[in-house]
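J.: Here's a structure for you.
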Amino acid sequence: MGGCFSVAGDVRGGMEAVGGGGGGRSSGAAQPDGPNDAVDYFFQTRGLRSLYTPIELSFSASKLRDMDVLSKSDPMLVVYTKKDGRLEEIGRTEVILNSLEPSWITKATMSYQFEIVQPLIFKIYDVDTKYHKTPVKMLNLAQQDFLGETCCNVSEIVTKFNHSLTLNLRSGSGHALLGTMTVHAEESDSSRMAVEMALRCLNLENKDVFSKSDPFLRISKLVETAGPIPICKTEVIMNNLNPVWRPITLTSQQYGSKDNPLLVECFDFDSSGDHELIGAFQTTITQLENLYNSKSGANFYSHKGQKKLKGQLFVDKLQEKVQHTFLDYISSGFELNFMVAVDFTASNGDPRAPQSLHYIDPSGRPNSYQQAILGVGEILQFYDSDRRFPAWGFGAKTEGRILHYFNLNTTSNDCEVVGVEGIMSAYTTALCSVSLAGPTMFGPVINKAAEIASQSLQCANNKYFVLLIITDGVLTDIQETKDSIVRASDLPLSILIVGVGNADFKQMEILDADNGKRLESSTGRIATRDVVQFVPMREVQGGHVSVVQSLLEELPCQFLTYVRSRDIKPQVPGYASAPVYPPQQ
C-alpha cells in the first residue's frame, strides 16, 4: 500500500526517501504518526507486532457516592478495554482513603491506534477497610462496593483541546448516578523530540563501469536481540560520487537514546533491488553531533568493517527540535472532515437481486458498501465536530441523464447529511430514486471534494478532508483521475478507495503509490505527496487486519506530510497555571 513510506522504496528498489525528511514522517515503528513501512517490514517479516503511539491516562472523580457510615468512601478505579466483545482489564489505581473527590496517582498506559475504535470502560469501587492492606491487583472486585461506571472511546479523549474528558457515572444497569469521572490522556514527551540532519558524502567508491554510482543512505538501529532495524533511507542521487541528500528527520522513538548504536550504510542503487554496498560504519547520534561540530568526516568501511574505504560522510546540519505529532494537531482543534462517494454503476447488479453488491438484506446484514461506510465513518466521526458529511453518488441515471456525481441525499440541494446514520439513510433512499448506469468515473467526484478542500483554506487552516470512494468497477477516466489526484495532492485531502466485488482492480493499485513512485499527470506534473490508499475488500476479509484498519493506517502520515510541508503548527493547548505560594520566611 502506498503512503509516506514505501516498503518497495526500502526493500525492492524505490528511489524515494523512506522514514526521513524526504518522506515527511518521523515516527518509529508505527508510532505517533502512523506506520513507518521500513520498520514495519522488519517486524512483519519476523511475525512481530508493530508499535503504536504510547499514551498515559490519568484519572480523577468528583461527587462520588458515600458508601461508608463513619467515614467517606475509599475509591479505586479499574480501567478496561473491550476486545472481541469481552472486557479486558488494563489497569487499577491505588485506593484513596476517605475521599469523594479522588485524584489518583497511578496511571494506565496503552497504545493509541487511530485506525480502530478503542473503547474504554471505567469502574469505580469503594474498597472495604479490611482489604486496605491487600495489593490492589489481588482485590476481589465482587467483595467491594460498586460506586459507578462510565465509558468512552480513546478518540473522544484525544480530540479534546486539553486531552481531558469528563463523563457522568452510571449504575451497572445504565441508570444515571451522582458523580463524574475525568480522564486525561498524555502522549510521551520523548515521542516529540527529533533530530534533523543534512548529510553528504565525498569521494565515494564507484561501483559502475560506464557511469558513476547512484548512492543512497540507509540508517538502521542496532538491537541486540534483533539485529539492525531500518529506520530511515535517503532518496537516490543519480550518477554522483559526492552526493548531497535532502535533510532527514529521526525521532527519539526511532533511534532510542543518543548513545544507542546506529548503522549507516551507503548503497549503489539498482532498479532490481540488488543494491551494492559502497560502505558502512557504526555510529550514534552523539557521534554524528560531534562530526557536525568538528566539521570532520566519518570513514566508510567494507562489509563487517574489514577494510577502511576512501569515501567519507559529512554532517552539514544537525538540529534537535520538537516534532509535533498527529495527536498534537488533533487535540489542538484540527479536524478530519469525512466525505463519501458511492458507485451506482450497473455492474453492481440489480439492487433488488440478492446477488447485487447493492442488495439491502431484510435481515439487516450490511452489504459491502454499507460495511465500508459504517466502518470508516465510525472512526472518523469523532474527528469532525459538526458531524455533517458531504455524500455523493456517481454513475447513475435519473430523468434520462447520466450523473457523474450527485448528492446522495436526493431530496435536498445540500450535499451534506448528518452523521453516519444520515449517510446510510441517504444511500438506501438513493437506491430507490436513481437507476444504475455508468461508466465508472472518479475525476468529477474527486474534483468536487478538492473544490471543498480548496474553499476551506480561504476560511481556516485547521481542516483536513478524507474522501472515501467505494467502487466495484474499472475506471474509464484513468488519466483524468490521475490529473485530479495530482492537483489534489496540494490540498488538505486524502482519498480512500475500497474495491468491492470481483473486478480487476489493477488500475486502483496504480493510483495507490505501491511502487514508491508518485503519480504523474498528463502534463508531466508529479504529485507533491501520496494521497491515495486503496484496499480491495476481498483480499482482507477474514484476515487479522480489517478493511478499515488497512484503509486508515496511512491517514495520519498523509495528514502530517501535508501540515509539515507547509510548516503548519498546532495551537499549543493551554493549561491551568499552578498556584503561586509565598516564599518561606
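J.: Regarding Leu165, is this residue open to solvent by 70 Å² or more (accessible area, probe 1.4 Å) and hydrophobic (A, V, I, L, M, F, W, C)?
T.: no
J.: Taking the range 438-481 as the region of interest, how many residues are touching a Gly at 6+ places or on another chain (Cβ under 6 Å) and among the small types (Gly, Ala, Ser)?
T.: Residues in the range 438-481 being touching a Gly at 6+ places or on another chain (Cβ under 6 Å) and among the small types (Gly, Ala, Ser): 1 in total.
J.: Let me ask another. Among the residues of the range 444-462, is there at least one that is more than 30 Å from Gly524 (Cα to Cα) and open to solvent by less than 50 Å² (accessible area, probe 1.4 Å)?
T.: Yes, some residue in the range 444-462 is more than 30 Å from Gly524 (Cα to Cα) and open to solvent by less than 50 Å² (accessible area, probe 1.4 Å).
J.: Pick out the one residue from Ser368, Ser385 that is under 24 Å from Val418 (Cβ atoms), open to solvent by 10 Å² or more (accessible area, probe 1.4 Å), touching a residue at least 40 places away in the same chain (Cβ under 8 Å) and in contact with a strand residue (DSSP E or B) (Cβ under 7 Å, 6 or more places away or on another chain).
T.: Ser385 is the lone residue from the list that is under 24 Å from Val418 (Cβ atoms), open to solvent by 10 Å² or more (accessible area, probe 1.4 Å), touching a residue at least 40 places away in the same chain (Cβ under 8 Å) and in contact with a strand residue (DSSP E or B) (Cβ under 7 Å, 6 or more places away or on another chain).
J.: On to the next question. Look through Thr325, Thr251, Thr284, Thr234 and report the one residue that is modelled with pLDDT of 95 or more and under 30 Å from Thr53 (Cβ atoms). Don't jump to the end; show me each part of the working.
T.: Numbers: Thr325 fails: modelled with pLDDT of 95 or more; Thr251 fails: modelled with pLDDT of 95 or more; Thr234 fails: modelled with pLDDT of 95 or more.
On inspection, the qualifying residue turns out to be Thr284.
J.: Also, I was wondering about something else. Which of the residues belonging to the range 203-248 are open to solvent by 60 Å² or more (accessible area, probe 1.4 Å), in a loop (DSSP other than H, G, I, E, B) and hydrophobic (A, V, I, L, M, F, W, C)?
T.: Once the filter is applied, which keeps residues that are open to solvent by 60 Å² or more (accessible area, probe 1.4 Å), in a loop (DSSP other than H, G, I, E, B) and hydrophobic (A, V, I, L, M, F, W, C), the range 203-248 yields Val209, Phe210, Met238.
J.: Scan the range 532-540 and tell me whether some residue there is open to solvent by 20 Å² or more (accessible area, probe 1.4 Å), in a loop (DSSP other than H, G, I, E, B) and either modelled with pLDDT under 80 or out of contact with any helix residue (DSSP H, G or I) (no Cβ under 6 Å at 6 or more places or on another chain) (or both). Spell out the reasoning first.
T.: Of all residues in the range 532-540, those open to solvent by 20 Å² or more (accessible area, probe 1.4 Å) come to 538-540.
So of that shortlist, the ones also in a loop (DSSP other than H, G, I, E, B) come out as none.
Checking the range 532-540: not a single residue is open to solvent by 20 Å² or more (accessible area, probe 1.4 Å), in a loop (DSSP other than H, G, I, E, B) and either modelled with pLDDT under 80 or out of contact with any helix residue (DSSP H, G or I) (no Cβ under 6 Å at 6 or more places or on another chain) (or both).
J.: Of the numbered conditions (1) at pLDDT below 50; (2) open to solvent by less than 80 Å² (accessible area, probe 1.4 Å), Leu48 fails exactly one; give the number of that condition.
T.: Every condition holds for Leu48 apart from (2).
J.: Another one. If you go through the range 331-373 one residue at a time, how many are of a type in the set (A, V, I, L, M, F, W, C) and under 23 Å from the mean Cα position of the chain (by Cα)? Talk me through it step by step, then tell me what you get.
T.: Of the residues in the range 331-373, the ones of a type in the set (A, V, I, L, M, F, W, C) are 334, 336, 338-342, 344, 346, 353, 357, 360, 372-373.
Those left that are additionally under 23 Å from the mean Cα position of the chain (by Cα): 334, 336, 338-341, 372-373.
Counting residues in the range 331-373 that are of a type in the set (A, V, I, L, M, F, W, C) and under 23 Å from the mean Cα position of the chain (by Cα) gives 8.
J.: Return the residues of the range 429-472 that are over 25 Å from the mean Cα position of the chain (by Cα) and among the hydroxyl-bearing types (Ser, Thr, Tyr); say none if nothing qualifies.
T.: The answer is Thr429, Ser433, Ser435, Thr440.
J.: Between His324, His358, which is closer than 27 Å to Val445 by Cα, open to solvent by less than 50 Å² (accessible area, probe 1.4 Å) and out of contact with any Ser or Thr (no Cβ under 8 Å at 6 or more places or on another chain)?
T.: The unique qualifying residue is His358.
J.: Could you grab me the full set of residues in the range 142-154 that are open to solvent by less than 30 Å² (accessible area, probe 1.4 Å) and touching a residue at least 60 places away in the same chain (Cβ under 8 Å)? Quick ask: steps written out before the conclusion?
T.: If we filter the range 142-154 for residues that are open to solvent by less than 30 Å² (accessible area, probe 1.4 Å), which is where we start, we get 144, 147-148, 150, 152-154.
Gln144, Leu147, Gly148, Asn153, Val154 - these are the residues of the range 142-154 that are open to solvent by less than 30 Å² (accessible area, probe 1.4 Å) and touching a residue at least 60 places away in the same chain (Cβ under 8 Å).
J.: Report the residue count in the range 65-87 for those that are in a loop (DSSP other than H, G, I, E, B), of a type in the set (A, V, I, L, M) and open to solvent by less than 10 Å² (accessible area, probe 1.4 Å).
T.: 0
J.: Would you point out which residue out of Thr440, Thr429 is open to solvent by 60 Å² or more (accessible area, probe 1.4 Å) and either part of a helix (DSSP H, G or I) or within 20 Å of Ala488 (Cα to Cα) (or both)? Give the steps one after another, and end with the answer.
T.: Details: Thr440 fails: open to solvent by 60 Å² or more (accessible area, probe 1.4 Å).
The conditions single out Thr429.
J.: Something else about it: Residues that are open to solvent by less than 40 Å² (accessible area, probe 1.4 Å) and touching a Pro at 6+ places or on another chain (Cβ under 9 Å): does the range 313-320 have at least one?
T.: No, because not a single residue in the range 313-320 is open to solvent by less than 40 Å² (accessible area, probe 1.4 Å) and touching a Pro at 6+ places or on another chain (Cβ under 9 Å).
J.: I've got another one for you. Within the range 398-412, restricting attention to residues that are in a loop (DSSP other than H, G, I, E, B) and out of contact with any helix residue (DSSP H, G or I) (no Cβ under 6 Å at 6 or more places or on another chain), which residue is nearest to Leu475 (Cα to Cα)?
T.: Taking the range 398-412 as the starting set, the residues that turn out to be in a loop (DSSP other than H, G, I, E, B) are 399-400, 404-405, 408-412.
Then keep just the ones that are out of contact with any helix residue (DSSP H, G or I) (no Cβ under 6 Å at 6 or more places or on another chain); that gives 399-400, 411-412.
Values: Glu399: 24, Gly400: 22, Thr411: 28, Ser412: 28 Å.
The selected residue is Gly400.
J.: Here are some residues: Ile157, Ile121, Ile90. Which one is of a type in the set (Val, Ile, Thr), open to solvent by 50 Å² or more (accessible area, probe 1.4 Å) and under 26 Å from the mean Cα position of the chain (by Cα)?
T.: Working: Ile157 fails: open to solvent by 50 Å² or more (accessible area, probe 1.4 Å); Ile121 fails: open to solvent by 50 Å² or more (accessible area, probe 1.4 Å).
Going through Ile157, Ile121, Ile90 in turn, the sole match is Ile90.
J.: Which of the residues belonging to the range 464-520 are open to solvent by less than 20 Å² (accessible area, probe 1.4 Å), assigned to a helix (DSSP H, G or I) and not β-branched (Val, Ile, Thr)?
T.: Within the range 464-520, Ser484, Ala488, Met508, Leu511 meet the criteria.
J.: When Glu196 is evaluated against the numbered criteria (1) farther than 18 Å from Leu57 by Cα; (2) out of contact with any Ser or Thr (no Cβ under 6 Å at 6 or more places or on another chain); (3) open to solvent by 20 Å² or more (accessible area, probe 1.4 Å), which criterion, by number, is the only one it fails?
T.: All conditions pass for Glu196, except number (2).
J.: Find the strands (runs of 3 or more DSSP E) located wholly in the range 259-365 whose residues include 3 or more that are in contact (Cβ under 8 Å) with a residue 40 or more places away in the chain, and list them.
T.: The qualifying strands (runs of 3 or more DSSP E) are 262-268, 276-283, 308-322, 335-343.
J.: Which one of the conditions (1) modelled with pLDDT of 90 or more; (2) open to solvent by 30 Å² or more (accessible area, probe 1.4 Å); (3) among the aliphatic types (A, V, I, L, M); (4) within 30 Å of the chain's Cα centre (by Cα) does Leu100 fail to meet, given that it meets all the rest?
T.: Among (1) modelled with pLDDT of 90 or more; (2) open to solvent by 30 Å² or more (accessible area, probe 1.4 Å); (3) among the aliphatic types (A, V, I, L, M); (4) within 30 Å of the chain's Cα centre (by Cα), the lone unmet condition for Leu100 is (4).
The values are calculated or read from the model by the stated rules, or taken from the named source; none is laboratory data. Quantities reported herein were computed from a predicted structural model and do not represent experimental measurements. So basically every Cβ, Gly included, is an ideal-geometry build from the backbone, and we count neighbours across all protein chains shown. Accessible surface is based on the protein model in full, side chains and every heavy atom, while ligands, DNA and RNA are left aside. Shrake-Rupley method; radii C 1.70, N 1.55, O 1.52, S 1.80 Å.
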